[in-house]
């Protein structure tokens, strides 16, 4: 079958390790099944794999891709939940031995992908395969951050740092649909304008002083925005962080945390049940993922290169 594979890693030139071509069809362990992929979405996770982050050389070659929507062996249209793990108190993301597709097991950038049967979620007919493919990583992460980890009621103000990425655009759209006042930041004027069109109430340059402090900050950027996130938060508010694309080590003024009783909450992906509810949320509200471009899987290198250059607003989707 045709697949997009990581064959080597290079932190400076990640695209060099991208190989497109024939790959054996997936093995199917007991309790697993296969999905014929119709659409798959690109994440920073795929680029980091090519940079050598979070993967060892002995796992290569491996098929890239965390996200997919397609058709199962019974002909049902499904969305693939990409967290492979044993649920702890009903939450597979708490399993310390968990992995995502494309870490230990071949991923979704292929004609077929093997997954545990329990990882399949029905795809609502109203959502296209391309839209559904955007949900399992970026949109599920954003859904959990806002509706679970933030602990806020509708009408609260949230700040989304780094408008433009898949999680950030999902946070803006979901926050708007959920009744929150959404503010967003970006270094790019074009991305700030597009964030407004997506549903942000106000936009600001990265690091700009805000007119008032916010109830929660949604953090995906890390080191570059961390100081601003902490200072922009009201007393008793929360930073919800799911990643650190600009750097993992961020100095923290601890007095701001304990004296003003601010909270820092970590969030990773979401459960299968949350993915199912997210799909229903989109079906009921009409909210849809912002898609930057749709490309045939055979042209995947173009999508990877655009993400590497930082030229993406929303999701890059590959179709088969």
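The values are calculated or read from the model by the stated rules, or taken from the named source; none is laboratory data. What you are looking at is a predicted structure, and each value in this text was computed from that prediction instead of being measured. So basically every Cβ, Gly included, is an ideal-geometry build from the backbone, and we count neighbours across all protein chains shown.
What are the residues in the stretch 146-164 that are part of a strand (DSSP E or B) and surrounded by fewer than 24 Cβ atoms within 10 Å (Cβ to Cβ), if any? The one that is part of a strand (DSSP E or B) and surrounded by fewer than 24 Cβ atoms within 10 Å (Cβ to Cβ): 157. Considering every residue within the stretch 241-254, establish whether at least one is in contact with a strand residue (DSSP E or B) (Cβ under 8 Å, 6 or more places away or on another chain), under 22 Å from residue 90 (Cα atoms) and surrounded by 15 or more Cβ atoms within 10 Å (Cβ to Cβ). Within the stretch 241-254, one or more residues are in contact with a strand residue (DSSP E or B) (Cβ under 8 Å, 6 or more places away or on another chain), under 22 Å from residue 90 (Cα atoms) and surrounded by 15 or more Cβ atoms within 10 Å (Cβ to Cβ). Would you check if residue 210 is over 20 Å from the mean Cα position of the chain (by Cα), outside the structural domain of residue 306 (by TED's automatic domain parsing), under 17 Å from residue 265 (Cα atoms) and touching a residue at least 12 places away in the same chain (Cβ under 8 Å)? No: the conditions fail for residue 210.
The residues on offer are 179, 207, 175, and the sole one that is part of a loop (DSSP other than H, G, I, E, B) and more than 26 Å from residue 308 (Cα to Cα) is 179. Among the candidates 37, 71, the residue that is buried (at least 18 other Cβ atoms within 10 Å of the Cβ) and either modelled with pLDDT of 95 or more or not in a loop (DSSP other than H, G, I, E, B) (or both) is uniquely 37. All conditions but one from (1) surrounded by 17 or more Cβ atoms within 10 Å (Cβ to Cβ); (2) touching a strand residue (DSSP E or B) at 6+ places or on another chain (Cβ under 9 Å); (3) at pLDDT 95 or above; (4) outside the structural domain of residue 69 (by TED's automatic domain parsing) apply to residue 167; the one that does not is (3). Report whether or not residue 276 is touching a residue at least 60 places away in the same chain (Cβ under 8 Å), out of contact with any helix residue (DSSP H, G or I) (no Cβ under 9 Å at 6 or more places or on another chain) and farther than 15 Å from residue 170 by Cβ. Against the criterion (touching a residue at least 60 places away in the same chain (Cβ under 8 Å), out of contact with any helix residue (DSSP H, G or I) (no Cβ under 9 Å at 6 or more places or on another chain) and farther than 15 Å from residue 170 by Cβ), residue 276 qualifies. Report yes if residue 124 is in a loop (DSSP other than H, G, I, E, B), surrounded by fewer than 21 Cβ atoms within 10 Å (Cβ to Cβ) and in contact with a helix residue (DSSP H, G or I) (Cβ under 7 Å, 6 or more places away or on another chain), otherwise no. So residue 124 fits the description; yes. Name the single residue, out of those in the stretch 128-139 being crowded, with 21+ Cβ neighbours inside 10 Å and over 11 Å from residue 40 (Cβ atoms), that is modelled with the lowest pLDDT. Among those that are crowded, with 21+ Cβ neighbours inside 10 Å and over 11 Å from residue 40 (Cβ atoms), it is 138.
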